[in-house]
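Read the structure below first, then the notes.
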Amino acid sequence: MPIRLNLPATLTQRIAESTTAEASRPLIGLWACAGSPITAEIVAGSGCDWVLLDAEHSPNGLESVLAQLYAMSAYPVAPLVRPPHGDTVTIKQYLDLGAQNLLIPMVDSAEQAARLVRAVRYPDGSTNGGVRGVGSALARSARWNRVEGYLGRASETISLTVQIESAEAVRNAAEILAVDGIDAIFIGPSDLAASMGLLGQQNHPDVVTRVLEVIAAARAAGKPVGVNAFVRADADRYIAAGASFVAVGADVAILARQTEALVDSFRGDAGGSAPRASY
């Protein structure tokens, strides 16, 4: 008899558990951008709650994401995978790899969000059903059909988070949050600032105001909201405002800043180098 397997809890299930516990707290996450299973495993073993595997701005493809999912599977973290874009075929491939938690970038409208919901669900015979291709016997998502009843309850094993990272998306945030099947939203202050004509000014008061508006909208809608905040003061501000999950650093940024700091500690400040960004 084959072994019957259960899949780990999704990111949104873990968020729900953390908010109903006696000591309610946001989930703290880190990005893994190096494309290496070794660094992904190091990050996963840090004690963080979730790890983002980024394929939008990092040298990650299907094979490297799969290797990193394997590397992190021994640790009690929720892997969150960001495809390069919200293409239906790309989403199908990442789901079949066994990515249970997807973060889709640049979602600006409720219509776009609804298309993404269809992309992560199997067809059900209705005109508004899903469009995900059926290949569970061939895929890690169902552990090659060792997850009993996977096809009938696949949507329960998937968490879909969309990124709010433009001025247009902020204006449409309430409508996006109202889309059935959107489990959470995640705010990207960097791209939001750029769309507002404030490139590189994630901490600008106008950007912070928009981020806080979206956090408030998510809380009003009863849906989890995450935010990228590599600066501690920003993270503390957004946590206080009610963010459910927060990204507080990235492997490559930590490596860059810490190696610079180590070298500078031996050389002193004689080089006169300009201050380096923390993100």
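A short reminder: the numbers here are calculations on the coordinates, not readings from a lab. All values reported here derive from a predicted model rather than from experimental measurement. Every residue, glycine as well, gets a Cβ built from its backbone with ideal geometry; the counts of neighbours run over all protein chains shown.
Summing charges over all other residues whose Cβ lies under 14 Å from the Cβ of Ala221, with Lys and Arg as +1 and Asp and Glu as -1, gives -2.
Report, in whole Å, the centroid distance computed from the Cα atoms of region 104-130 and region 239-258. That distance is 29 Å. Split the chain at each of the trypsin sites (Lys or Arg not before Pro) in a DSSP loop with at most 15 other beta carbon atoms within 10 Å, and the longest piece is 5-145. Each Lys and Arg Cβ is given +1 and each Asp and Glu Cβ -1; about its Cα centre, region 142-250 then shows a dipole of about 280 debye. In order along region 85-95, the phi-based Karplus estimate (6.51 cos²θ - 1.76 cosθ + 1.60, θ = phi - 60°) of 3J(HN,Hα) comes to 6, x, 6, 4, 5, 4, 4, 4, 5, 5, 4 Hz; Gly and Pro are listed as x. Put simply, the Cα atoms of the chain extend 67, 42, 39 Å along their principal axes, the longest span coming first. Scanning residues 5 or more positions from Asn101 or on other chains, those with amide H under 5 Å from its amide H are Val81, Ser159, with H placed 1.01 Å from N in the peptide plane. The phi torsions of region 218-228, fed into the Karplus equation with coefficients 6.51, -1.76 and 1.60 and a -60° offset, translate into couplings of 5, 5, 5, 7, x, 10, x, 9, x, 7, 8 Hz, rounded to whole numbers, with Gly and Pro shown as x. Per-residue 3J(HN,Hα) values for region 137-142, derived from phi via the Karplus relation 6.51 cos²θ - 1.76 cosθ + 1.60 with θ = phi - 60°, read 5, 9, 10, 5, 3, 9 Hz in sequence order (x marks Gly and Pro). Ala139: net charge of surrounding residues, Cβ under 13 Å, Lys/Arg +1, Asp/Glu -1, itself excluded? Neighbourhood net charge equals +4. When the chain is treated as a GNM with alpha-carbon contacts under 10 Å, the residue of Phe245, Phe230, Phe186 showing the greatest mean-square fluctuation is Phe230. When you restrict to C-alpha pairs under 8 Å that are six or more residues apart and normalise by the size of the chain, the relative contact order lands at 18 percent.
Pairwise alpha-carbon distances in region 20-98 exceed 17 Å for 44% of all pairs. Taking amide hydrogens as placed 1.01 Å from N in the peptide plane, the amide H of Leu52 sits under 5 Å from those of Leu30, Trp31, Ala32, Leu80, each at least 5 positions away in sequence or on another chain. Charge tally around Pro105: other residues with Cβ under 10 Å, Lys/Arg +1 each, Asp/Glu -1 each, net -3.
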